[in-house]
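The values are calculated or read from the model by the stated rules, or taken from the named source; none is laboratory data. Bear in mind that the values here come from a model prediction, so they are computed numbers and not experimental data. All Cβ positions, glycine included, derive from the backbone under ideal geometry; neighbour counts span all protein chains shown.
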Amino acid sequence: METFIFDGKGANLQKAIDVQSRGGRVLCPKCKNELIIATGTIYCPVSQKHLCCFWTTTEVMSAFERFMNERHEKNEEV
């Protein structure tokens, strides 16, 4: 089974996601426990002080921009 120690650097985020999607284990650099990877976050279940990262996908940013633009347009109409 493939394992990868994720150091929290953005450059290694895609590799961590790829390893997990192939059934591998992504490990905490401090305690070597398996990290939890969910939509927009990756963190150590032992302690968020070990590792806790959040990110935004381009899809989420696009949806947010559309929402803000629509809101701005509605406010201008009033």
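Looking at E73 and the list (1) modelled with pLDDT under 85; (2) exposed (fewer than 15 other Cβ atoms within 10 Å of the Cβ); (3) within 17 Å of the chain's Cα centre (by Cα), which single condition is not satisfied?
Looking at each condition in turn, E73 falls short on (3).
Quickly run through region 18-31 and pick out the residues that are surrounded by 15 or more Cβ atoms within 10 Å (Cβ to Cβ) and part of a helix (DSSP H, G or I).
V19, Q20
Would you mind stating whether E76 is touching a helix residue (DSSP H, G or I) at 6+ places or on another chain (Cβ under 7 Å) and acidic (D, E)?
no
Considering only residues that are modelled with pLDDT under 90 and of a type outside the set (A, V, I, L, M), look in region 29-42 and name the one that is farthest from the chain's Cα centre (by Cα).
Of everything passing the filter in region 29-42, T39 is farthest from the chain's Cα centre (by Cα).
Out of everything in region 4-31 that is in contact (Cβ under 8 Å) with a residue 40 or more places away in the chain and out of contact with any helix residue (DSSP H, G or I) (no Cβ under 8 Å at 6 or more places or on another chain), what residue ends up being nearest to H50 (Cα to Cα)?
Out of the qualifying residues, it is G8.
Out of the residues in region 49-68 that are modelled with pLDDT of 85 or more and not in a strand (DSSP E or B), which is nearest to the chain's Cα centre (by Cα)?
So the residue we want is L51.
Just checking, does region 40-47 include any residue being in a strand (DSSP E or B), without any contact (Cβ under 8 Å) to a residue 12 or more places away in the chain, touching a Ser or Thr at 6+ places or on another chain (Cβ under 9 Å) and surrounded by 13 or more Cβ atoms within 10 Å (Cβ to Cβ)?
no
Going through region 8-28 one residue at a time, which ones are in contact with a Pro (Cβ under 9 Å, 6 or more places away or on another chain) and at pLDDT 90 or above?
C28
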